[in-house]
Amino acid sequence: MGKENKVFIFCMMLLTVLPTSAQHGDALDDVLQHIPMVSVLILKASGAPDNNSWALTLGTCAATYVVGTGATYGLKHTMHEWRPDNTDHYSFPSGHSMFAFAGATALRHEFGHLSPWVSIGGYGVATFVAVDRVCRDRHYVHDVLAGAAIGALSAELCFFLKNKLFKPEGLDLAFTGTQLAVSYRW
């Protein structure tokens, strides 16, 4: 089986979880929002070709989530917008959309070169999460659009910084098991 077929099958497996979300509500949304980012790790672990070490991949993915989470929850606790179902006043922006689109953008950066289906699968899951949140009255449309923008921009920022800092003549990290060594080559 060729590389294209394996990637296509992987993306189709991701998309098969979507129809069950409407039946299980928030519990499955809580899982689906992380599927694109987990896909980065699954593809990395399965040996899909990329140009990064595990430390660099994990660091960039973690930084993406940290930046996106800081922006999203900073706004949630500042804006105090009530949800459409009136359960609380943390509607703007959508955290689920932020996580989903941050992961989809990371997936595109790390493995989008393998096949367009990788990006289609990641953004398909992210879009489904955002639409589902609106359809079930957990968010307004502007909430999920803002969450999606924050997630995508967080990933873009972190991958931009990774490419600037960790180019071959840039920053090196080494972990010996007991200490972390950092060096910068000019």
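The values are calculated or read from the model by the stated rules, or taken from the named source; none is laboratory data. All of these numbers come straight from a predicted model, not from anything done at the bench. Each accessible area value is taken on the protein alone, full model and side chains, heavy atoms only, with ligands, DNA and RNA left out. Shrake-Rupley method; radii C 1.70, N 1.55, O 1.52, S 1.80 Å.
Couplings 3J(HN,Hα) of segment 142-154, computed from phi: 5, 5, 6, 5, 5, x, 4, 5, 4, x, 5, 5, 4 Hz, in residue order, whole Hz [Karplus 6.51 cos²θ - 1.76 cosθ + 1.60, θ = phi - 60°; x for Gly and Pro].
Taking every protein chain into account, the 1.4 Å probe leaves R136 with about 70 Å² of accessible area, to the nearest ten. When E81, E110 are compared by accessible surface with a 1.4 Å probe, the order from highest to lowest is E81, E110.
Across segment 89-103, computed HN-Hα scalar couplings (Karplus, 6.51 cos²θ - 1.76 cosθ + 1.60, θ = phi - 60°) run 10, 10, 7, 9, x, 6, x, 4, 5, 4, 4, 5, 6, 5, x Hz from first to last residue, x flagging Gly and Pro.
Note on segment 60-141: Cα-Cα pairs beyond 18 Å make up 48% of the total pair count.
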